[in-house]
Amino acid sequence: MTTNEGITPDTTFFHREGALFHPTPRTRGPWDPNSLHGRVITGLLLYEVEREHLDPAFQVARVTVDMFRVAPMKPITVVTNVVRDGNRIRVADASLQLEDGLEIARASVVMLRRATPPEGTVWGQPAWDVPHPDTLPPPPPPPAEFAPAMWETRSISGRMGPGSAEPPVQKRAWIRDIVNFVEDERPSPLVRAAMVSDFANPFANSGDRGLNYVNADASLYLHRNPVGDWIGVEVVGHNASEGIAVGECVLYDLEGAFGRASVCSVANSRRP
């Protein structure tokens, strides 16, 4: 088993049997104990595109995942195909399906050829001035009835969940994955970025009464791949009307911003 320093994964998200991926209990989602977490759906779709279609001359620049059915805790497969194989832009599609062929989610992955940056200066965001994750306290352990954690979090500002007497504030946190992805494979930088993109919903769309929106998609934009284990998430937008919410986060590593994640979500109160 390969591990990174400070990370000792004791299990994995998926076991593979031919073309089938068998989910483990670590993939369980927050809305229904019999469904998959959106982050592992997003990660698995990009995992297969990366394995079958990635070219080192190209940067994955956009990943859009549509999640239009509840994904049950059952064996699944991913079918991929190249839609466009051009000189500067390539596009691959991926479909997550049950054994009977029922489609649960799909992804469109846009890859752009890396090139010499053009001359000139363009306005950009100021550098992210936040504490290093190693200097922040770890969160308290989850209650006994909760499953083991899938990731590790270091909160910078804001909190999720009801019970806070303070008004909602901008959420910022460091996150790193602590579970292997398929068998003993650590998630690649791209897969980790894809999984973190699903956090745009709980980060941007939760308030003082918890998270009451479920996302129908997750969109990830990258200008480079993340470096290192930690990924920083900073909410930069939340708007909602008539039960429809749009949220956006900037994603960082210890070297700076590397992309953005956005979601569209619909009102959905969590079951007791």
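Laboratory data are not the source of any read-out in this text; all were calculated from the coordinates shown. Every value quoted in this text rests on a predicted model; they were computed, and no experiment measured them. A quick note on method: Cβ atoms are made from the backbone with ideal geometry, for glycine too, and the neighbour counts reach across all protein chains shown.
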Taking all pairs of distinct alpha-carbon atoms in the stretch 197-272, Kirkwood radius in angstrom: 12.8
Taking the dipole of the chain about the Cα centre (Lys, Arg +1; Asp, Glu -1; charges at Cβ), the one of 86, 136, 35 that reaches farthest to the positive side is 86
Taking 8 Å as the Cα distance limit and 6 or more residues as the minimum spacing, I'd like the relative contact order of the chain as a percentage. 19
List every residue whose amide H lies under 5 Å from the amide H of residue 171, counting only residues 5 or more places away in sequence or on a different chain, with H placed 1.01 Å from N in the peptide plane. 235
Net dipole in debye of the chain [+1 Lys, Arg Cβ; -1 Asp, Glu Cβ; about Cα centre; nearest 20]: 400
Relative contact order in percent for the stretch 4-93 (Cα pairs under 8 Å, 6+ apart) equals 27
Gained length - residue 15 relative to residue 70, 0.36 nm times residue gap less alpha-carbon distance: 17.8 nm
How do 181, 58, 203, 68 rank when sorted from fewest to most other Cβ atoms within 10 Å of their own Cβ? 68, 58, 181, 203
Got a sec? Charge dipole of the chain, +1 on Cβ for Lys and Arg, -1 for Asp and Glu; which of 168, 155, 63 is way out at the positive end? 168
Residue 119 versus residue 239, label points 7 Å from Cα toward the beta carbon: distance in nm? 3.8
When the stretch 228-268 is reduced to its Cα atoms, the Kirkwood hydrodynamic radius in Å: 11.3
Least to most buried among 48, 255, by other C-beta atoms within 10 Å and fewest first, runs 255, 48
The stretch 15-162, relative contact order [Cα under 8 Å, separation at least 6], %: 21
Label of the coordinate-derived value, Rg and Dmax of the Cα atoms in Å, listed as (i) 21.4, 75; (ii) 18.2, 64; (iii) 18.3, 56: (iii)
If R₀ is 30 angstrom, what is the calculated FRET efficiency for the pair residue 159 and residue 227, using the beta carbon separation as r and rounding to 0.05? 0.65
Using alpha-carbon positions, the gyration tensor of the stretch 1-142 gives root eigenvalues a ≥ b ≥ c; with a/c under 1.5 called rounded, otherwise prolate if a/b exceeds b/c, else oblate, the class is oblate
